[in-house]
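Below: one structure, written as C-alpha cells.
The values are calculated or read from the model by the stated rules, or taken from the named source; none is laboratory data. Note that the coordinates shown come from a computational prediction; the quantities given were computed from them, not determined experimentally. Reconstructed Cβ throughout: ideal geometry from the backbone, glycine too, with neighbour counts over all protein chains shown.
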Amino acid sequence: MSDALREAMAHYKSQIALAEDRIRQIKDNVIGDGLVIPDAAYQAIENARRLIKAYQTGVRIIEQRLAQDARTHNDKPGM
C-alpha cells in the first residue's frame with residue numbers, strides 16, 4: 001500500500017507544479033502587459049490556487065499516513 005501512496009503523492013506534487021506553472025503563465029501573459037486582470041484570468045488563477053491547496057492537503061495526509069505506517073512497522077516485535 002505504501003507504494004501506491006508514494007505514487008499518489010508524486011502525482012499530487014506534479015499537479016501542484018503544473019498549477020503553479022499555469023499561474024505563472026497567466027501572470028506573465030496578462031499581468032506582464034500591465035493591463036487590468038480580466039475576470040477570466042482572475043478566476044483561472046483562483047481555480048489553480050484552490051487545486052494547489054487541495055493537492056497540498058492530499059500530500060500532507062499521505063505523508064502522515066506513511067509516517068504512521070512506518071511507526072507501526074517499527075513497533076512490531078522482531079523488526
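How many of the residues making up the stretch 39-63 are surrounded by 11 or more Cβ atoms within 10 Å (Cβ to Cβ), without any contact (Cβ under 8 Å) to a residue 12 or more places away in the chain and not charged (D, E, K, R)?
6
Just to be sure I understand, how many residues within the stretch 1-19 are surrounded by 12 or more Cβ atoms within 10 Å (Cβ to Cβ) and in contact (Cβ under 8 Å) with a residue 24 or more places away in the chain?
Number satisfying all stated conditions: 10.
Only one of Ile16, Ile31 is modelled with pLDDT of 95 or more and assigned to a helix (DSSP H, G or I). Can you tell me which?
Ile16
Would you mention how many residues in the stretch 1-54 are of a type in the set (D, E, K, R) and more than 30 Å from Gln68 (Cα to Cα)?
Count: 8.
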